[in-house]
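A short reminder: the numbers here are calculations on the coordinates, not readings from a lab. This structure is a prediction, so every number in the text was calculated from the model and none was measured. FYI the Cβ positions are ideal-geometry reconstructions off the backbone, even for glycines, and counts take in every protein chain you see.
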């Protein structure tokens, strides 16, 4: 039986995972005349939809019906394709997010970046490309931003020129406007799949190996405290989502995030989300507030989407006082860098703690660090799985268990490398065995590079 089968799936299920590659939808360029016509069509739709006779009707079928009436009067000079494109563009304005709606609907696009009205970029297959999509002007971009943030009770204007939000599907949105953004209103949308990745898909995509997947599953089930470290866009949240899927269904899970992104499959999940200040500067609920509150909610597991400030101290104390099996992510380039960042964030709590005391907290709380990186070819890989052994003198001792070694470039521009075990028997292996996992064979020999 293969390790993938032991992970709880089937090898046949893995074979069904396919990465589709289709061209990104790119709208047709429009001239000033068609833009004016689009504006009139938009106003016509808005006025007609407001009428009592049209209330409650399906919006898409209503738009098609109203479009026929409009084009009989004003669109005789247009071709069928031009009419079709105009209807699409106006529909996106009314029911979606304007010109970027087709990009958000494309499953191959993982990120959408609007740098002002005339420059729209996407990330597809790990690479950034410029599209033919554009907005009419700055006000057009602002309307889309307001449409995103208004349902969440957020606002953006000159007094609050930056905002973090999310789309209904969980995609993360950041917007910043002039005078801070010199290019015009800027939107960055990091999309999330409606169906979360599974461990089989990560193995198939080369993010990790079967042995690494089996080890991480055992570590989660054995209730080790694990931190996922990496840079922006390295895939930390996706890996956290996958690792969270290993938590047994009978356990009570409390998730804490700035913007709710995790999509856990378990039934007993309580999702908490921080809240920014209101217009009067009141009512802020921080991640630290939520971490403190979560410990009173009888959690079996606490999952923090990302630690970035004083909440680190409360999280470490929770890990050291019986809340085993906690998971979280943080920004760092190496496991050692993550430890340094955790020290800094603990000091942000405002307590004058000696460095040794902080390091004792960290070394006693953390069991594993999973280091993830976005490679030069755009792929995401877990480049290290590192064990935290404890404190020796004033230094936290780390031990690599798995390491990714980059080898060379292939002709198609993709990187080639190899995942290796270091041959060292992890100290946590006894805890894994007590949880019913037998992984000793993975660590018997060191693989040669």
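A few notes on this one:
- Stretch gain in nm, segment residue 389-residue 164, where the contour uses 0.36 nm per residue and the Cα spacing is subtracted: 77.3 nm
- Distance in nm between pseudo-label sites at residue 309 and residue 40 (7 Å out along the Cβ direction from Cα): 5.2 nm
- Cβ-Cβ distance of residue 251 and residue 118, R₀ of 51 Å, FRET efficiency by 1/(1 + (r/R0)^6): the value works out to about 0.50.
- Between residue 260 and residue 81, the FRET efficiency estimated from the beta carbon spacing at R0 = 51 angstrom works out to 0.80.
- Modelled this way, with points 7 Å down the Cα-to-C-beta line, the labels at residue 95 and residue 279 are 3.3 nm from one another.
- Theoretical gain in end-to-end length, residue 105 to residue 353 [0.36 nm per residue, Cα-Cα removed]: 84.3 nm
- Most to least packed among 107-117, 360-370 [average Cβ atoms within 10 Å]: 360-370, 107-117
- The residue 188 and residue 420 beta-carbon pair, evaluated with R₀ = 60 Å, returns a calculated FRET efficiency of approximately 0.95.
- Rounded, prolate or oblate (a/c below 1.5 giving rounded, otherwise prolate when a/b exceeds b/c) for the stretch 302-344 by Cα gyration tensor: prolate
- Label-to-label distance, nm, for residues given as residue 62 and residue 434 (7 Å Cα→Cβ offset): 6.3 nm
- Neighbour-count ranking [beta-carbon atoms within 10 angstrom, fewest first] of 265, 212: 265, 212
- Segment residue 128-residue 143, length gained on full extension (0.36 nm per residue, minus Cα span): 2.9 nm
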